[in-house]
């Protein structure tokens, strides 16, 4: 809640703390999962690394399935999306095997920067196999194998697809021919192997020893013509990447359960090998020539020795638009090992109406930077039986480990002249050190209340105080992101869940939350992305309120069912939006005057560059009665009283506050429905199922975010229909 990717998975006891979003890795296949548990309250001592959300996953097992059980499914839907899957479980009392395979092909793999989809095809394939074997006596072994592959295009904006920026066709700076569409693609290969041995010491104690090796290989491919990657205020460099992340480790624990105690003590050792190979070439012909003050010789137009121009020009593929010799590709090669050791002990104690979860964890982190941390964990709950109430409080001290993805370039970039000149804003010295582990104090207070068998309400308030708060920057003007650190962050928020158990075929669940993601300047580590500053701002995970309501009704048992979802969002922070307030860091650069009246310059308030017509169109900007189109921009400046947006909440003039009243995406409600039958022909052994799902049935036109420093601009999914059929045995 409120953090970028600060979640971790425990898959059959294997810790996975690296990023699992589609653009970084391939996820655990859904059809391999038997159950998922989100750890409530502060994390127990056995969990570390990324602890905002800890998800405990148990995979499917074939042990005990004396007759084969499985399913074959297929689906087809909007955007040419097709998927297929197969799973099979079989075994005996002392052994079992579960295997699943699935695939997806679609023309809308990622959320694109336009409501209309351009260049967004992708496919994904998954294979999972779990083997269990009960040895004679008190021993058993368990083996997980997973391989996933994904290939996908980076979705294009109008500017990238047609290169008719502000209605003017962009040309190749070397050949003079019109630029073609941007054709950047990614490929990710992931494999995971995880054996484990369990020994029953006694009827009260169990010993577990496990090993694991997980590897992500990420490849990013530029357009065949690197100049096709150029888009003003979006991408000024063409980039390729071959990045490998290999996480190997051992885990062991002993559990002892007797009487009021449930004790667990263990250790986890992880060794992560990081290799980053990047190629970067400047494709913006105005980048070097636009440096102020100019560092080109006014007579010869050649870079002046000892200036940023002299550092960047050798890697300027455009030759400054013909001012000097064409450059080549800058090659970055980085590698490091990250070694982590965690020791922990915890005891869950139940005494009458009281429950206590007491633990202590020690983390030793050795990478580009080092850290040692002792971390107490405490949780207390009390059950009030007469009112069916549970009160709970918890506290955790945690070591927050840095993101491994592109960690090397983030931590060493200031030592490399080309990156030190390319990435920081003009005039900002690149003196930041390596990204280091942070530490957090986290507090939870919650209540669970049952109203007989009709309703269960559960809620908690959360405070997270972090020293060295993580965020992301980009390598120049490219899609490659890297971790950075702000001085600290304060993230308070609440989460509330309301559930209606099954009653005459009807169930309901409502989940709502609010989070204030307050980050405090200055930036303290990673390549600098802003000038030195102090103050407080909100990252784009900050949202005042959101809720999801799910209703499901099955008129009679074993009959058809229907489901309905309603998602409401009050809007994430959209810090790149131009606004008027000369007194705040965000709006000052866009605050100007027009005929003596307050006016807004239409710039990206993060990069300072003028917005293109397409970016103004994406944001739904208007000036008086004039609306932007993908090729027709608004005037460069607009009276503040005339400026607004249909998709973004722009603060009124002089009211924007980086901490308390930032720019936000407009509120939105999205509705989905689903109809299905899990046993069409009412058979016991062989069953056919079918379902139809409609996403965004109102075809709502809305943004998720706008020019986010982490992920760019994204629209919600247009109305989409999917039909699925399955055979189960």
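Some observations on this one:
- Exactly one residue among 435, 456, 428 is surrounded by 14 or more Cβ atoms within 10 Å (Cβ to Cβ) and out of contact with any strand residue (DSSP E or B) (no Cβ under 8 Å at 6 or more places or on another chain), and that residue is 428.
- Candidate set from the stretch 157-178 (those that are over 10 Å from residue 231 (Cα atoms) and assigned to a loop (DSSP other than H, G, I, E, B)); member that is nearest to the chain's Cα centre (by Cα): 166
- Boolean, residue 142 is modelled with pLDDT of 95 or more, in contact with a helix residue (DSSP H, G or I) (Cβ under 8 Å, 6 or more places away or on another chain) and either closer than 30 Å to residue 96 by Cα or in a loop (DSSP other than H, G, I, E, B) (or both): no
- Check on residue 171, in contact with a helix residue (DSSP H, G or I) (Cβ under 8 Å, 6 or more places away or on another chain) and under 30 Å from residue 284 (Cβ atoms): no
- Count of residues meeting criterion [crowded, with 16+ Cβ neighbours inside 10 Å and touching a strand residue (DSSP E or B) at 6+ places or on another chain (Cβ under 6 Å)] in the stretch 384-406: 15
- Residue match in the stretch 504-522 (condition: within 30 Å of residue 429 (Cα to Cα) and in contact with a helix residue (DSSP H, G or I) (Cβ under 9 Å, 6 or more places away or on another chain)): yes
- When residues of the stretch 120-156 are limited to those that are farther than 25 Å from residue 33 by Cα and over 21 Å from the mean Cα position of the chain (by Cα), the one surrounded by the most Cβ atoms within 10 Å (Cβ to Cβ): 138
- Taken over the stretch 206-264, the criterion of being outside any strand (DSSP E or B) and buried (at least 16 other Cβ atoms within 10 Å of the Cβ) is satisfied by 222, 223, 225, 226, 227, 228, 229, 230, 232, 233, 234, 236.
- Yes/no for residue 10 being surrounded by fewer than 16 Cβ atoms within 10 Å (Cβ to Cβ) and either within 17 Å of the chain's Cα centre (by Cα) or in contact (Cβ under 8 Å) with a residue 24 or more places away in the chain (or both): no
- Of the criteria (1) more than 20 Å from residue 445 (Cα to Cα); (2) assigned to a strand (DSSP E or B), which one residue 479 fails: (2)
- Some residue of the stretch 126-137 being in contact with a strand residue (DSSP E or B) (Cβ under 9 Å, 6 or more places away or on another chain), over 22 Å from residue 717 (Cβ atoms) and either free of Cβ contacts under 8 Å to residues at least 24 places away in the same chain or assigned to a loop (DSSP other than H, G, I, E, B) (or both): yes
- Residues in the stretch 78-94 include at least one that is more than 25 Å from residue 674 (Cβ to Cβ) and either touching a helix residue (DSSP H, G or I) at 6+ places or on another chain (Cβ under 9 Å) or part of a loop (DSSP other than H, G, I, E, B) (or both).
The values are calculated or read from the model by the stated rules, or taken from the named source; none is laboratory data. This one's a predicted model, so the numbers in the text were calculated from it and none came from an experiment. A quick note on method: Cβ atoms are made from the backbone with ideal geometry, for glycine too, and the neighbour counts reach across all protein chains shown.
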